[in-house]
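Beneath this line is the structure, given in structure tokens, with notes to follow.
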């Protein structure tokens, strides 16, 4: 999610795992390693039709499905199979797809949709929907990039190990070491996927290869990989700290600590380092195939079909590239008028483009590019979140129990100008949610956008939506963990708009201009994403359009456009999702009149977990009809 410590975690989206974001795409979203599961083909529960409700049956199914992914189990704070990393192979994907297909077949045999309640039918249709999306993704398994600067596997694996693998005893540390040893075979699978994709005509742009190389080198820089290095590598520092913590707690003795430290060092040097050297070599070799001018997937074989699939899967609608492009153009035009109004309000004498430059280039709009400036950003973002928190009961009945912290991105994955993002906590609250900020270059972090980003990533945005979903008790478990980008990012963008209606926010006109900057940014995405992937725009053409319609720093604009190139369709979800939520809110207000309650509306939207937009529409309209009766 944009703008996505051991006890803290990620979305960016683990996409379902997105949210790493996030975010090995198809590969991670359907991995398997011979899970110990009860097969749906043989009947998951004896006599399920007569003894279990649909919710109970789905909970049984989800418990089985979770066993396909050790990574997902760890995301949820569970320790089963915590010495494994999911396979990245097509065969692993196919195994889970076969299981899910059989599960849906069995559900249709056991449960009559006409006998279900409205919410049960929503769960039924969502289970089917997830299968349909998996089935559709099968044809495009090798069409995306495996290694890239945003969510490549080279970045995901160490992020996962450092942030999510919980160490509370010697067995957990041993499992951590085993996971590090497992990196090599998993990366061999990833490289094999990348080679096969290249054989199909998938070409990595130069910046994606450079980003991959930089990140991979960063991960194996420092001790123990270089004994003369002044600093420990991030992974080595984390593993050493875990052992030290166990020793200081008296959980292990000094002999065990020495053994675990030696095993960790061996795993890093003899297993992880060769894997990352192979990734670097692969990326260096690919540079010969990289295009001189970067553009979207439309230029690769089958690219048009792949992009159409990406738009369907990301937006959860049937909107075409042309339709989305036009929506973007219309929204940009509308928002420019609102920005003109604020320019006039502050008494700026000049064109809107001049005002963009005034905001973009003004030293007053940036923190010092120092450690003090970085801490200032974190402190002010935390204060903005704390400030709005007291007002939330006036707008929501459901409130999250999980805590939230603001944190700087780890050095090995931090990039100048990259978007902030949110990583969810665990359902039990043992690990809080994190709002992560890229702070390596404070000249890419304008002050007047701090407030709007804090509302998007924190409250009432991603942290509220995802935490509430994970804390739900009256829906099947799989719905508490469902991830649909159009819903979650649509909610995040809607939260920026909603905050304007909450007292105490955007008091400075420049902060309100920052809000509009954020919204027009998402409208621009509709134009440039479809331009790049469906209309043949080059990277530079997309940058030029973005800069002409936004005061975003040029470093951020370049990073954003490069993000859209390697993540086709994802950037369109924010505005499409927001517009749907606003449309449903307007529909509810018109239908209910004085009986419309904003708190209840928000609870309806958030109270069933993430949904594809058509199912969200159905849920809201059912509430409207029930309220009218």
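The values are calculated or read from the model by the stated rules, or taken from the named source; none is laboratory data. No experiment lies behind these values; they were computed from the predicted model shown. Here the Cβ is made from the backbone with ideal geometry for all residues, glycine too, and neighbour counts use every protein chain on show.
Before moving on, here are some points about what is shown:
- The sole residue among 579, 584 that is under 18 Å from residue 321 (Cβ atoms) and buried (at least 16 other Cβ atoms within 10 Å of the Cβ) is 579.
- Test: residue 251 is at pLDDT 95 or above, within 16 Å of residue 162 (Cβ to Cβ) and assigned to a loop (DSSP other than H, G, I, E, B): no
- Test result for residue 456, touching a strand residue (DSSP E or B) at 6+ places or on another chain (Cβ under 7 Å), on the phi < 0 side of the Ramachandran plot and either surrounded by 20 or more Cβ atoms within 10 Å (Cβ to Cβ) or at pLDDT 90 or above (or both): no
- Criterion applied to 74, 55 was being closer than 30 Å to residue 245 by Cα, outside any loop (DSSP other than H, G, I, E, B) and either modelled with pLDDT of 95 or more or over 26 Å from the mean Cα position of the chain (by Cα) (or both), and the one residue passing it is 74.
- Tally of residues being part of a loop (DSSP other than H, G, I, E, B) and farther than 16 Å from residue 319 by Cβ across segment 529-539: 2
- Criterion (modelled with pLDDT of 95 or more and within 23 Å of the chain's Cα centre (by Cα)) met by exactly one of 342, 324: 324
- Residue 526 vs. criteria in contact with a strand residue (DSSP E or B) (Cβ under 9 Å, 6 or more places away or on another chain), modelled with pLDDT of 95 or more, under 26 Å from residue 211 (Cβ atoms) and not in a loop (DSSP other than H, G, I, E, B): no
- Single unsatisfied condition, residue 173 versus (1) surrounded by fewer than 20 Cβ atoms within 10 Å (Cβ to Cβ); (2) assigned by TED's automatic domain parsing to the domain that holds residue 278; (3) farther than 30 Å from residue 419 by Cβ: (1)
- Looking only at segment 398-433, residues that are in contact with a helix residue (DSSP H, G or I) (Cβ under 6 Å, 6 or more places away or on another chain), buried (at least 23 other Cβ atoms within 10 Å of the Cβ) and assigned to a loop (DSSP other than H, G, I, E, B) come to 4 in all.
- Within segment 286-317, being part of a loop (DSSP other than H, G, I, E, B) and under 22 Å from the mean Cα position of the chain (by Cα) holds for 296, 316, 317.
- Only one of 266, 238, 226, 210 that is assigned by TED's automatic domain parsing to the domain that holds residue 168 and not in a helix (DSSP H, G or I): 226
- For residue 163, the test of being within 25 Å of residue 308 (Cβ to Cβ), touching a strand residue (DSSP E or B) at 6+ places or on another chain (Cβ under 9 Å) and outside the structural domain of residue 566 (by TED's automatic domain parsing) is failed.
- Segment 203-231 - residue that is in contact with a strand residue (DSSP E or B) (Cβ under 9 Å, 6 or more places away or on another chain) and crowded, with 17+ Cβ neighbours inside 10 Å and, of those, nearest to residue 266 (Cα to Cα): 224
- Residue 622 being surrounded by fewer than 16 Cβ atoms within 10 Å (Cβ to Cβ) and assigned to a helix (DSSP H, G or I): yes
- Of the residues making up segment 543-569, those that are touching a strand residue (DSSP E or B) at 6+ places or on another chain (Cβ under 9 Å) and either in a loop (DSSP other than H, G, I, E, B) or over 17 Å from residue 518 (Cβ atoms) (or both) are 551, 552, 553, 565, 567.
- Restricting attention to segment 362-381, the residues being assigned to a helix (DSSP H, G or I) and either exposed (fewer than 13 other Cβ atoms within 10 Å of the Cβ) or in contact with a helix residue (DSSP H, G or I) (Cβ under 8 Å, 6 or more places away or on another chain) (or both) number 11.
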